[in-house]
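Below is one structure; the comments refer to it alone.
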Amino acid sequence: MAILTKIRKHRKILLGVVGGGLLFFIGEVVMEGIQSTQNQSKQEIGGVNGDVIYIQDYQNLVDEFADVIKMSQGTNNLNEDQMSQIQDQVWNTYVTNKLLEAECKKLGLRVSDKELQNIINDGTNPLLLQSPFRDQQTGAFDKDQLTNFLAEYNRVINNNQMQPELREYYQRIYNYWSFIEKTLRQNILQQKYQSLLAGSFVSNPVSAKASFEGRTKSSDVLLAAIPYTAISDSTVKVTDDDIKKVYNEQKDAMLQTAESRNIRYIDVLVTPSQEDKDNLMAEMQEYASELGNAENLTEAVRNAASLVPYANIAVKKSSLPSDVATELDSVSVGAIVNPYYTASDNTYTTFKYVEKVSQPDSIEFRQIQVEVEKADSVYDALKAGASFEEMAKKYGQEGNTTWLTGNQYEGVQLDLNNTKFVNTLLTADVNNLQKVDLQSFVSILEVKSRKAYTDKYKVAIVKKELQFSQDTYRQAYNAFSSFVATNTDINAIQKNAEEKGYRVLERLDMFNNEHKVCGISSTRDAMKWIFDAKVGQVSPLYECGDNDHMLVVMLTGINKAGYRSFESVKETLRPEAIRNEKAEQILAKIGDVKSMDQAKGLQDVRTDSVKHITFAAAAFVPVTMSSEPTLSGKAAVAKKGDFVGPFKGNGGVMMFQVYNTENSEEKFDEQAEMQRLQQQGMQAASNFTSELYQKAKVVDNRYLYF
């Protein structure tokens, strides 16, 4: 169990055929083959360059990684978002490994068992430091722990007489190590390939000198700029030819590696009606009355199904809901606060301020748990002077002292026994034995010390979330389903939605590797529809979210893999074409400007000084609020006193005059600079996956299953 604890801290027909039956047999085999192929095809979840992965194999990988995460976090359950992240990470790892395997096979790269063992023996790889086999004092990987575990694992697993729980525990640890070992092998292969790529990036003295000057030589300039905002967009006319010019210039950025969809949709979020609010308020008023009359506040709060549990124990103000803690400052002890609404957590709250006391937040104690019938004799022996530690060992316990803090019991639903136990620790005299009957056993305890006294409060709180009723949902559903039934095409929906109180939203470029439609949970069926539908179709009405959303989707476009069509990106590129036209108008208007004095006199011009411009980084120009790489390039080659311009920038037409140049005090080191360029090459090589991905044929149909 020590290993598991450490994991939590750090978080795989005999057939006979004769005579005329032969023809039937052949036909049957052919049909079975076709059906088998069809069934297999239906189970294909995707693949890389024709290498298919089936749903069960993918699910096994997901389950494997999910188990690793659960063990690392010490939990048995993962929520929907966590599982989505795991599914994506597993898929990305699968694709990367497949791309890498193909490349490494061509190059003859591999990771041998001996090589892997050498890395394990060395024990310094970061992945090994995430394993459960670590020295408790130093945190270093301990190969001997691993060796001993593997030997013990084989003994336990192969012994059918071992308890099933123990066998399961050992199997979980073994699976965890197997995952680390597999990942280690994959990472080593990736590092080899990356190092090989990085080796192809070479530098030379000329490049080193240019790079050094590019980052150490800086210029200060007087800048004159005419921002594009000086010309209203509405006055600028651009043609399709103007936009196509921008499209051709930026075509490489238009490459899309996977299909996507454009949709319009209506998302109806069902919210509580005024009647729902009134009903809950009336209910809360009844709870307030019950708090005033109840003899047992714990039972009254529990019967109300309050979001905040109550035990007859005082807690720190920080353990109370923030809205209640704020209200306490203006409430007297014994008062009952009338129900009120809190928007931040969408709740109605009422509470009774029972008591304010000064109590310790930390209690040191020791105890012995014994059977009821033996409790008196043990208690009497301890009172007569028997050793507490020896008596505890007699009953299989240590008898050591331990600390109980407020954080361990405050805000937790405590039963009667736990409430009695905590209250005894809070009130018992120090160094005085107490006998606490907890029904199934008796705890004989002794409080050794108390500290951190602070103000604590007993507050019986009934807090209820405001939710919509079934009638409210039914009314919303009937209204929306009626709208969908009478508006069956996109034009009708868009025309009539606003009149009925619905809003048509748009989402461009939805990919099938997304887990939710526009951020709405439980929309897997809608996702399937989107990628199976034809342009112009309207989906059925989907009930989704946390049973509080209704959704209808309209498919407006399909963007095929490859270069995006001009029409699909036309409007996106229009602003750039408008900027180009504005630049031409400004340049034509101002003509050949030859000096800074002349530039300052131009209409709509803005002037400023921009300092410390280097070739290595794009300059930021405050007067246009734009990043200007062209300015950086031109300033790098201009001499002191030179006037440069006018030229087209990102935020406007610009002109400048260099009034100062400066070199940093850093000395040129040719070898160090060449090494720096080499490291930049290695960083570029680390992006090899995206380059391989663009050239590969990757099929991702996970949306059909997840």
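The values are calculated or read from the model by the stated rules, or taken from the named source; none is laboratory data. For clarity, every value in this text was computed on a predicted model and none was experimentally measured. Glycine also receives a Cβ, built like all others from the backbone with ideal geometry; neighbour counts cover every protein chain displayed. What goes into the accessible areas is simple: the full protein's heavy atoms, side chains included, and nothing from ligands, DNA or RNA. Shrake-Rupley method; radii C 1.70, N 1.55, O 1.52, S 1.80 Å.
Details
- Under 26 Å from the Cα of residue 277 - lysines, other chains or at least 8 residues apart: 352, 463, 464, 500
- Accessible surface of the chain, 1.4 Å probe, proportion on carbon and sulfur as whole %: 47 percent
- Take 427-434, 367-374 and order them by the average number of nearby Cβ atoms within 10 Å per residue, most first; the result is 367-374, 427-434.
- Cα convex hull volume per residue for the stretch 432-551 (Å³): 300 Å³
- For residue 394, the aspartates and glutamates whose Cα comes closer than 14 Å to its Cα, not counting residues fewer than 8 places off in the same chain, are 371.
- Aspartates and glutamates with Cα under 12 Å of residue 639, excluding same-chain neighbours fewer than 8 positions away: 220, 662
- Dipole in debye (nearest 20) - the stretch 567-706, about Cα centre, beta carbon charges: Lys, Arg +1; Asp, Glu -1: 320 debye
- A Förster radius of 30 Å, combined with the Cβ-Cβ distance separating residue 598 from residue 234, puts the computed FRET efficiency at roughly 0.50.
- Fully extending the segment from residue 78 to residue 571 would add 173.3 nm, taking 0.36 nm per residue of separation and subtracting the current Cα-Cα distance.
- Value at 222 nm in deg cm²/dmol, rounded to 500, when DSSP H runs of n ≥ 4 in the chain each add -39,500 (n - 2.57): -14500 deg cm²/dmol
- Local electrostatic count, residue 568, Cβ distance below 15 Å [Lys/Arg +1, Asp/Glu -1]: +2
- Between the beta carbons of residue 478 and residue 387, assuming R0 = 51 Å, the FRET efficiency works out to 0.10 to the nearest 0.05.
- Between residue 202 and residue 330, full extension at 0.36 nm per residue minus the direct alpha carbon distance yields a gain of 38.8 nm.
- Listed residues 561, 551, 583: farthest to the positive end of the dipole of the stretch 481-605 (Cβ charges): 583
- Burial ranking of peptide ranges 684-692, 296-304 (average Cβ count within 10 Å, highest at the top): 296-304, 684-692
- Solvent-accessible area per residue for the stretch 362-407 (1.4 angstrom probe, square angstrom): 58 Å²
- The stretch 153-244: translational diffusion in µm²/s, Stokes-Einstein, Kirkwood Rh over Cα pairs, 10 °C, 1.306 mPa s: 73 µm²/s
- Residue-span extension gain [residue 195 to residue 438] - 0.36 nm each, minus C-alpha spacing: 80.9 nm
- The stretch 237-357, relative contact order in percent, only Cα pairs under 8 angstrom and at least six apart counted: 22 percent
- Probe 1.4 Å, protein heavy atoms only - accessible area per residue of the stretch 57-128 in square angstrom: 55 Å²
- Here the spin labels are modelled as points 7 Å beyond Cα on the Cα-Cβ line, and at residue 642 and residue 168 they lie 7.6 nm apart.
- Förster radius 41 Å - calculated FRET efficiency between residue 663 and residue 248 (Cβ-Cβ, nearest 0.05): 0.50
- Taking the charge dipole of the stretch 137-253 about its Cα centre, with +1 at Lys and Arg Cβ atoms and -1 at Asp and Glu Cβ atoms, the residue from 171, 156, 137 reaching farthest to the positive side is 156.
- Evaluated at q = 0.07 Å⁻¹, a Debye calculation over the C-alpha positions of the chain (equal weights, vacuum) places log10 I(q)/I(0) at -0.95.
- Here the dipole of the chain is about 1760 debye; that uses its Cα centre as origin and unit charges on the Cβ of Lys and Arg (positive) and Asp and Glu (negative).
- Residue (of 273, 262, 285) at the positive-pole extreme of the stretch 235-291, dipole from beta-carbon charges: 262
- Cα→Cβ-extended label distance, 7 Å offset, between residue 452 and residue 376, nm: 4.0 nm
- Relative protection proxy for 358-365, 639-646, from highest mean packing down: 358-365, 639-646 (other beta-carbon atoms within 10 angstrom).
- Accessible surface for the stretch 437-534, divided over its residues, is 55 Å² per residue with a 1.4 Å probe.
- Under 19 Å, Cα to Cα: Lys pairs in the stretch 105-226, sequence gap 8 or more or different chains: 10
- Charge dipole (debye, nearest 20) of the stretch 90-136; +1 at Cβ of Lys and Arg, -1 at Cβ of Asp and Glu: 200 debye
- Cross-linked pairs 495/534; 582/695; 648/695: Cα-Cα separations exceed 27 Å for 582/695; 648/695.
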